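Structure first, then comments.
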Amino acid sequence: MADRLSDFVTYERVDGVAVIRTDNPPVNALGADVRAGIVAGMERFDADPDAAIALIHCDGRTFHAGADIKEFGTKRADPQIWTLCDRIEAATKPVVATLHGTALGGGLEVAIAAHWRIAQRDAKVGLPEVHLGVIPAAGATQRAPRLMGAARALEAITTGRHIPAPEARDLGLIDELDDSGDALAAGLAYARRLAAEGKGVRRTGEMPVPDATPELFAEWRERAVKTGRGLNAVLYCVEAVEGCLLPFEEGLRHETAVSDKSHADPQRDAMVHAFFGERAVAKIPEASAAPRRLETVGVVGGGTMGAGIAAAALNAGLKVVMVEMDAEALARGEANLRRNFASSVAKGRMSQQALDELLATRWTGAADFAALSDVDLVVEAVFEKMSVKKEVFAKLDAVVREGAVLATNTSYLDVNEIAAVTRRPQDVLGLHFFSPAHVMRLLEVVVGAKTLPEVVATGFALARRMGKIAVRAGVCDGFIGNRILGAYLKAADMMVEDGASPYEVDAAVRGFGYPMGPFQMGDLAGLDIGYLNRRGKDETRDPGERYSEGFLDRMYENGWLGQKTGIGFYDYAGGARSGPPNPQVLPMIEAERRRLGINARSFTREEILRRYIAAMTNEAAKVVGEGIALRPLDVDMTAIAGYGYPRWRGGPMHHADTVGLAKILSDLQEFAQEDPGFWAPAPLLERLVAEGRSFADLNAPAAG
Ligand code: COA
């Protein structure tokens, strides 16, 4: 009979082995109760004359997957996790950990404080704290280098990657592998064997570090600045591991100091917000609906987008039917599809033969819509024009079986209007993929007025299978992401017209943490796209609205379309992906200002960002206020997963909370004196400021 040590932890002696066992679903997080239970277990074991060796084990799907992240930012009750790890290591009789599932963060910290480790072969281990903006603590930055060497520990800790158990064994983190699938039985057998062989206490803290030199850390600090892209935790990780140049006890104290610094950094809250936000976006009103069958996906169109969607579906193990207009277009579609796998083949992740086989068995190409008759879900990825989309949907309605999901990949158009041409608007939704669709993580699931819950649930199920982050969006021009993008691009255009250079704007935006600025992005996407979009809106544009895109029209007229023409805002001579500014752009913009009678003024970097952020926050507040996004966190995850927003700032709405909504509102009011139409504050923002509330207050889970 097992004795209960705490709510989640029990103690039982099995043939001389003291089994300290945790059952804290879903992931056996090391919350206060679990820590207290294991410490009590260690006390009991040390005093138990009938126990020669102890085994730390978890029930359920995984060994401890980490500290309880929900405790971050709260005053954690004693015992702390470092007390727990030190207590395990200090045991006077040997302690074994038996790992299965994902032994991450605190889980691996506990395991490497134990004296011996066995893992299921399919287990993964890792120290992913960097992804939460903090460092692995509890001695891991000092113990890991002793087991695997400082250079390898730096790699593992700064990337936070999940390491497969066989590799972890080769690295020295794990001693034994087991294939049985029964971590408890394997752990018991291993513990008995160790006891029989007289293997005793083996404290990691007493081992030497084979390869720590000051030069190694200097090199990694430099590397961390580059790979971190503004994420401080990467630097904190290097700083913490550097403590292994000191004696173990001093190294532990050094680690604690760096850990405290990382926990005090506002980036931690942003990263934790992103971690929970990525999971919370799936909590939608339709979450309880059962998704429909999803085995075969139809894709209409084999262009960049269609081929990307097809590749994503194939990678997710689905069958794909691609339809194009004629045999020639289909051949291009297949070539586009193959190109999407080219780098996997080149890098040896997939053989040419495996690719040929994949396409032969799970991909069908056709030049006739009839081939789609039996698919479970079809995504249309044709030219972005309402009349074209309607034509496609009318055809789909005629051939695709009843009960299939019909999706449009439109990035702006009215999903309800598209659905209305079918006899089954309840089965229609928007699935807005981002290019390249087999790489980008975001999927906007656009819910029409008549879309059934199970159809929405099927869109989310597709995203899950593809490993994407799905965000639920309502119907409006541009949905969540492109609508907000439109607002901050407009702010950027206005600043350029008023006197900022596109290069100053790009530099400021990069300085904020984006991988590229808006004009670099325009060059990448092709400046013809925006041009055609503007022409499409000429007739409906409010005549009172400021038109600040004249200089962008000149770019188009000059044929400076960006990377595709080798010249845009930047010069891509020789096919380079980046380059110096195009020297003709600034004179062209000056001429444009003269034509408009604008006296150029200068903008500081701070002012550029103030306007960029105010425009972004304001539009985001409208998107939430109108119910297009369910919660502010849905906007945040959209921006991070699809628009290059720096994760360590948590997303535009999280960031706005840290700036202070009252401050942003007063910026908007100031800018509105120049242009009340564009800068009018969103009603939601005004309301929150009046009530003294924040966007975070609106992030309560949606009904699921
Ligand atoms: N603390 C608190 N809650 C946690 C947690 C942790 N360390 N790890 C996971 N959870 C929660 C999730 O929020 C989710 O809750 P929900 O069902 O209410 O949304 C639930 O546990 C299941 O997690 P999920 O990520 O959906 O399951 P999964 O099987 O896809 O992945 C993990 C499992 C362990 C790989 C993944 O959850 C993970 O990476 N966790 C964080 C690990 C980590 O960073 N540990 C270091 C902390 S110091």
- Query: Which one of these does S288 not meet: (1) farther than 23 Å from A404 by Cβ; (2) within 15 Å of the ligand (Cβ to nearest atom); (3) of a type outside the set (A, V, I, L, M)?
  - Reply: (1)
- Message: Being touching a strand residue (DSSP E or B) at 6+ places or on another chain (Cβ under 7 Å) and of a type in the set (V, I, T) is the filter here; which residues of the stretch 101-149 pass it?
- Response: T102, V110, I118, V125
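Given the residues T638, T617, which is the only one that is of a type in the set (S, T, N, Q), buried (at least 20 other Cβ atoms within 10 Å of the Cβ) and touching a strand residue (DSSP E or B) at 6+ places or on another chain (Cβ under 6 Å)?
Just one listed residue meets the conditions, T638.
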- Query: When the stretch 659-668 is examined, which residues are found to be in a helix (DSSP H, G or I) and out of contact with any Phe, Trp or Tyr (no Cβ under 8 Å at 6 or more places or on another chain)?
  - Reply: V659, A662, K663, I664, L665, S666, D667
- Which one is farthest from D68 (Cα to Cα), of the residues in the stretch 11-20 that are free of Cβ contacts under 8 Å to residues at least 40 places away in the same chain and either touching a His at 6+ places or on another chain (Cβ under 8 Å) or crowded, with 20+ Cβ neighbours inside 10 Å (or both)? A18
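Could you check the stretch 667-680 and list, in sequence order, the residues that are of a type outside the set (F, W, Y) and over 22 Å from V635 (Cα atoms)? Lay out the reasoning, then the answer.
Of all residues in the stretch 667-680, those of a type outside the set (F, W, Y) come to 667-670, 672-677, 680.
Passing the criteria: Q669, E670, A672, Q673, E674, D675, P676, G677.
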- Message: On the basis of being within 16 Å of the ligand (Cβ to nearest atom) and within 25 Å of A186 (Cα to Cα), does R61 make the cut?
- Response: yes
- Task: State whether the residues of the stretch 584-599 include one that is acidic (D, E) and either part of a loop (DSSP other than H, G, I, E, B) or not assigned by TED's automatic domain parsing to the domain that holds R649 (or both).
- Result: no
- Examine the stretch 200-216 for a residue that is at pLDDT 95 or above, aliphatic (A, V, I, L, M), under 21 Å from the mean Cα position of the chain (by Cα) and in a loop (DSSP other than H, G, I, E, B), and state whether such a residue exists. no
- Across the stretch 254-279, which residue is farthest from the chain's Cα centre (by Cα) among those that are surrounded by 21 or more Cβ atoms within 10 Å (Cβ to Cβ) and of a type in the set (A, V, I, L, M, F, W, C)? V258
- Right, V378: among the β-branched types (V, I, T), more than 19 Å from R464 (Cα to Cα) and either touching a residue at least 12 places away in the same chain (Cβ under 8 Å) or surrounded by 18 or more Cβ atoms within 10 Å (Cβ to Cβ) (or both) or not? no
- Among residues belonging to the stretch 64-88 that are in a loop (DSSP other than H, G, I, E, B) and surrounded by 14 or more Cβ atoms within 10 Å (Cβ to Cβ), point out the one that is farthest from the ligand (Cβ to nearest atom). P79
- Is there a residue being more than 19 Å from P425 (Cβ to Cβ) and either loosely packed, with under 13 Cβ neighbours inside 10 Å or not basic (K, R) (or both) anywhere in the stretch 391-408? no
- Message: Step by step: first the residues of the stretch 229-253, then only those that are under 32 Å from the mean Cα position of the chain (by Cα) and not in a helix (DSSP H, G or I), then the one that is surrounded by the most Cβ atoms within 10 Å (Cβ to Cβ). Which residue is that?
- Response: L231
- Message: Give me the helices (runs of 4 or more DSSP H) completely within the stretch 90-196, filtered to those with at least 3 residues that are buried (at least 24 other Cβ atoms within 10 Å of the Cβ) and away from the ligand (no atom under 15 Å from the Cβ), ordered by residue number.
- Response: 140-148, 183-196
- Looking only at the stretch 525-542, decide whether some residue is under 15 Å from R610 (Cα atoms) and either out of contact with any Ser or Thr (no Cβ under 7 Å at 6 or more places or on another chain) or small (G, A, S) (or both). no
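The values are calculated or read from the model by the stated rules, or taken from the named source; none is laboratory data. This structure is a prediction, so every number in the text was calculated from the model and none was measured. Heads up, the Cβs are rebuilt from the backbone with ideal geometry, glycines too, and the neighbour counts pull from every protein chain shown.
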